[in-house]
Amino acid sequence: MRRGGLRTRQEDLPIRAEINVTSLVDVAFTLLVIFIIIAPALQGGVEIEVPRADVSPITADQDAFYVTVDRDERVYIAGTEVPLDAFESSLPQMMRAAGTQMVYIQADSLADYGPVLRVIATVAKTEGITFALVGEPLPNR
């Protein structure tokens, strides 16, 4: 029914029961690519390659501290970089603040022996703290 050239509401546009998912798929793939690129950056810790040896796996210990020496002779306490000269005074303070007595020392396989030995000596002479060296288990033969 037309009145004076005006259309009624039912005559305006045909009803189409289609959903355009092209833009939804584009957004989903874009987000996927962003997550793939960003995910490695979100992982915490310091990138090192520990030496391989005949060692047993570390059990999860929530109270343990990780001291890391990378190949550029930078020292990290629980992921935070600390100058090697300040390490001797920083470690006991951080250990007391955290209330932990276990330290895992991990060093890059290409790190110089000198800084690694200084870290081991500092941890060893700190009273009330036990430590272990971290290595990657050898592959099964």
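The values are calculated or read from the model by the stated rules, or taken from the named source; none is laboratory data. This one's a predicted model, so the numbers in the text were calculated from it and none came from an experiment. Cβ sites come from the backbone with ideal geometry, for glycine too, and all protein chains shown count toward neighbours. We work out accessible area using only protein heavy atoms, side chains counted, and drop any ligands, DNA or RNA first. Shrake-Rupley method; radii C 1.70, N 1.55, O 1.52, S 1.80 Å.
Could you give the angle, 0 to 90 degrees to the nearest 10, between helix 84-98's Cα long axis and the longest principal axis of the Cα atoms of the chain? Long axis of 84-98 versus the principal axis of the chain: about 70 degrees. Mean-square fluctuation check for the chain, GNM, Cα pairs under 10 Å: which of Val67, Val25, Val50 is largest? Highest fluctuation of the listed residues: Val25. DSSP finds beta bridges in the chain, and of those with both partners inside it, around 40 percent are antiparallel.
Based on the Cβ-Cβ distance from Thr59 to Ile34, what FRET efficiency comes out when R0 is 41 Å, to the nearest 0.05? Once the sixth-power term is evaluated, E becomes 0.70.
For the chain, the relative contact order works out to 26 percent when only alpha carbon pairs closer than 8 Å and six or more residues apart are counted. Amide H to amide H, with H built 1.01 Å from N, Val103 comes under 5 Å of Phe65, Thr130, Phe131, Ala132, counting only residues 5 or more places away or on other chains. Summarising the label geometry, the points placed 7 Å from Cα in the beta-carbon direction at Ser89 and Val46 lie 2.0 nm from one another. P(r) tail, the chain: Cα-Cα pairs separated by more than 23 Å, 55% of all pairs. Counting protein heavy atoms only, the chain has 56 percent of its accessible area on carbon and sulfur, 1.4 angstrom probe.
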